[in-house]
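The values are calculated or read from the model by the stated rules, or taken from the named source; none is laboratory data. For clarity, every value in this text was computed on a predicted model and none was experimentally measured. Using ideal geometry, Cβ is built from the backbone for each residue, glycine included, and neighbour counts are taken over all protein chains shown. These accessible areas exclude ligands, DNA and RNA; they are computed on the full protein's heavy atoms, side chains included. Shrake-Rupley method; radii C 1.70, N 1.55, O 1.52, S 1.80 Å.
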Amino acid sequence: MAKGKVDALLGIVFGDEGKGKVVDWFTPQYNIVARFAGGPNAGHTIIFDGKKFVLRSIPSGIFDKGKLNIIGNGCVIAPDLFMGEAKEIEQAGYTLTNRLLISRRAHLILPTHRLLDRAYEAAKGKKAVGTTGKGIGPTYSDKAARIGLRVGDITENFAEKYARLKARHEQILSELHFTDYDIAEEEKQWLEGVEYMKQFQLADTEMVINQALNEGKSVLAEGAQGSLLDIDHGTYPYVSSSSTTIGGVCTGLGIAPNKIGRVFGIFKAYSTRVGAGPFPVELFDETGDRLRDIGHEYGAVTGRNRRCGWIDLVALKYTIMINGVTDLVMMKSDVLDTFDTIKVCVAYRKGDIVTDTMPYDTEGWEAVYEDLPGWKAPIDGLRKKNDFPKAFSNYISYIERALQTPISIISVSPDREATIILKDFTKA
């Protein structure tokens, strides 16, 4: 039997691209859907049959009742938030315990991790990163420091392990003079979440995935956040704390690089960013507000306003390169329906220096634009590329030429069926 492959779906800018919808659409073509990085700071929104679901830790393939879903070892999990998320899905009629595996190697987010997140941000003052406050960074810090708690720890001597790490956190909080808190109720809910997790299959998921691949089964790796928030390749220090790029698929699921098949890079027809950090294409005018309002650019988890701007080809060329993207997926194209002119960032400028490659530090750079005509027509009801307005087809062709990568899929509205296949991505 032919060996299976792992295809990856990655956000390739700053996240919030609509990965959940696309994973949900892709799921019928795969046997397994697996999350490989991140935690409840990433909200994947899925809309179908008039219902809206926001997934934070559970893979977006969970609504296909015939598919196995995996939370991989590269993820971090908050038991209380996981419990709330899972119960909401169960109440909608989906049984999870027989279709969701959780890696025993995934790390646990403690209530005190969330306190540390807030304390560290407060200590940075004006240099704060703008985290979600979900405890992601401190949890990954403990992982790197080899003191973290993992999912597999909840089945043996857990109370002692928990008390020891909690005391360590409280000592750090005291040193930071961050002492005005009461987590008694939160901790109670968290411990209930730990007990709730025990009913799920806590597994060596790397073994499960590799066995499935040996049997010729297919896996879709679902990314979280975006490539420019990668701890190594993003706009450091304004990044997430995990590996959000293609390398994170290998380390976060326990698979070899030669198991990677297609890499789908998902991006919006314009740009957004949440939190602090450089953003050369950001618009501070009425156009930026218009993009935000039309695109409903507010965080699925935090509700925060997203910073908005035109599409950034400098950033996209960089992330396509480091991820080895084979196919592009362009989302929210319909948001641009009413614009007379659509700008495209083709380079960055700082003083007399102009570059079309990603600088080491994008702070202080300004966008250099080219103008393209808008299509000035609603496209949300279209389902065939032959029906696209000419200006929209030209916009697609322009991006493909600039990025030297095919756009294989276009989304023209939030609905599941508003997904248009432009090119055959099933062939190698």
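Is it the case, given these coordinates, that Ala256 is aliphatic (A, V, I, L, M) and over 19 Å from Thr205 (Cα atoms)? Judged against the criteria, Ala256 is not a match.
Residues in the stretch 224-241 that are in contact with a Phe, Trp or Tyr (Cβ under 7 Å, 6 or more places away or on another chain) and not in a helix (DSSP H, G or I): 2 in all.
Comparison of Leu291, Leu316 shows that the only residue that is free of Cβ contacts under 8 Å to residues at least 60 places away in the same chain and touching a Gly at 6+ places or on another chain (Cβ under 9 Å) is Leu291.
Note down all Cβ pairs under 6 Å where the first residue falls in the stretch 204-219 and is in contact (Cβ under 8 Å) with a residue 40 or more places away in the chain, the second is assigned to a loop (DSSP other than H, G, I, E, B) and of a type in the set (S, T, N, Q), and they're at least six residues apart or on different chains. Pairs that qualify, where the first residue is in contact (Cβ under 8 Å) with a residue 40 or more places away in the chain and the partner is assigned to a loop (DSSP other than H, G, I, E, B) and of a type in the set (S, T, N, Q), are Lys217/Asn31; Ser218/Asn31. Residues satisfying the criterion are present in the stretch 224-240 (criterion: touching a strand residue (DSSP E or B) at 6+ places or on another chain (Cβ under 7 Å), within 16 Å of Asn69 (Cα to Cα) and aliphatic (A, V, I, L, M)). Filtering the stretch 93-110 to residues that are at pLDDT below 95 and either in a helix (DSSP H, G or I) or open to solvent by 40 Å² or more (accessible area, probe 1.4 Å) (or both) leaves Gly93, Thr95, Thr97, Asn98. For the stretch 163-177, the criterion of being touching a His at 6+ places or on another chain (Cβ under 8 Å), under 30 Å from Lys124 (Cα atoms) and not acidic (Asp, Glu) is satisfied by at least one residue. Can we say Tyr398 is open to solvent by less than 60 Å² (accessible area, probe 1.4 Å), under 28 Å from the mean Cα position of the chain (by Cα) and hydroxyl-bearing (Ser, Thr, Tyr)? So Tyr398 fits the description; yes.
Scanning the stretch 231-284 for residues that are on the phi > 0 side of the Ramachandran plot and at pLDDT below 95 turns up Gly275, Gly277.
Kindly establish whether Leu316 is part of a strand (DSSP E or B), at pLDDT 95 or above, under 25 Å from Val274 (Cα atoms) and not polar (S, T, N, Q). No, not satisfied. Among the residues of the stretch 353-367, is there at least one that is surrounded by 14 or more Cβ atoms within 10 Å (Cβ to Cβ) and in a strand (DSSP E or B)? Yes, the stretch 353-367 contains a residue that is surrounded by 14 or more Cβ atoms within 10 Å (Cβ to Cβ) and in a strand (DSSP E or B). Among residues of the stretch 224-252 being more than 17 Å from Leu328 (Cα to Cα) and of a type in the set (S, T, N, Q), the one that is surrounded by the fewest Cβ atoms within 10 Å (Cβ to Cβ) is Thr251. Scan the stretch 198-208 and tell me whether some residue there is out of contact with any His (no Cβ under 9 Å at 6 or more places or on another chain), among the polar types (S, T, N, Q) and in a loop (DSSP other than H, G, I, E, B). For the stretch 198-208, residues out of contact with any His (no Cβ under 9 Å at 6 or more places or on another chain), among the polar types (S, T, N, Q) and in a loop (DSSP other than H, G, I, E, B): present. Just one residue in the set Leu291, Leu316 is more than 20 Å from the chain's Cα centre (by Cα), within 29 Å of Phe26 (Cα to Cα) and open to solvent by less than 10 Å² (accessible area, probe 1.4 Å); that residue is Leu291.
Ile342 fulfils the conditions (1) at pLDDT 95 or above; (2) surrounded by fewer than 17 Cβ atoms within 10 Å (Cβ to Cβ); (3) in contact with a strand residue (DSSP E or B) (Cβ under 8 Å, 6 or more places away or on another chain) except for a single criterion, (2). Could you please let me know if Phe14 is at pLDDT 90 or above, among the aromatic types (Phe, Trp, Tyr) and either outside any strand (DSSP E or B) or surrounded by 22 or more Cβ atoms within 10 Å (Cβ to Cβ) (or both)? Yes. Got a sec? Which of Lys385, Lys332, Lys350, Lys390 is surrounded by fewer than 16 Cβ atoms within 10 Å (Cβ to Cβ) and touching a helix residue (DSSP H, G or I) at 6+ places or on another chain (Cβ under 9 Å)? Answer to the check: Lys385. Would you confirm whether or not the stretch 290-302 contains a residue that is of a type in the set (S, T, N, Q), at negative phi and in contact with a strand residue (DSSP E or B) (Cβ under 8 Å, 6 or more places away or on another chain)? No - not one qualifying residue is present in the stretch 290-302. Scanning the stretch 369-401 for residues that are over 14 Å from Ala269 (Cα atoms) and touching a residue at least 40 places away in the same chain (Cβ under 8 Å) returns Tyr369, Ala377, Pro378.
Just so you know, in the stretch 150-195 the residues that are hydrophobic (A, V, I, L, M, F, W, C) and under 22 Å from Gly72 (Cα atoms) include one that is surrounded by the fewest Cβ atoms within 10 Å (Cβ to Cβ), and it is Phe158.
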